[in-house]
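Note sheet for the following structure.
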Amino acid sequence: MNLRKTRRMYCNWCKTHTIHKIIQVKGKERSALKRGSIQRAKLRGEGIGFGNKGKWGSKPAISKWKRTGKKISKKYNLQYTCEICKKTISQRRGKRAKKLELK
Ligand SMILES: [Zn+2]
């Protein structure tokens with residue numbers, strides 16, 4: 001999928017349509033001591049009990065289960081930066097694409 005590097009869209013701070021720069025963001029790994037850490041979750045009493053809601057703990061070994069109907073594409077994650085006030089907003093919902101190119 002090809003997308004332009006800039007896009008004209010509404011800015012919440014400028015209150016008008018301005019040119020926004022588009023960048024693709026990738027997910028970061030969970031840091032050991034920061035807000036989303038497992039250590040912090042345990043202190044708060046989260047992640048205990050039955051099931052982990054897909055959030056906490058270790059992931060199962062791949063050898064024990066097999067993915068069926070595996071998806072080839074991934075959802076892209078974009079951020080829009082206003083060129084006037086330099087404020088950044090994330091996109092609400094990504095679409096599936098095999099490959100994303102910003103031109
Ligand atoms: Zn703005």
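The values are calculated or read from the model by the stated rules, or taken from the named source; none is laboratory data. Note that the coordinates shown come from a computational prediction; the quantities given were computed from them, not determined experimentally. Areas reflect the complete protein model, heavy atoms only, side chains present, ligands, DNA and RNA absent. Shrake-Rupley method; radii C 1.70, N 1.55, O 1.52, S 1.80 Å.
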Roughly how much of Ile38 is accessible, in Å² to the nearest 10, using a 1.4 Å probe?
60 Å²
Output ³J(HN,Hα) for segment 86-103: one whole-Hz value per residue in order, computed from phi by the Karplus curve 6.51 cos²θ - 1.76 cosθ + 1.60 with θ = phi - 60°, and x for Gly and Pro.
6, 7, 10, 10, 8, 5, 7, 9, x, 9, 7, 8, 5, 8, 10, 10, 9, 10
Averaging 1/r across every pair of distinct alpha carbons in segment 1-56 and inverting yields a Kirkwood hydrodynamic radius, in angstrom, of 15.2 Å
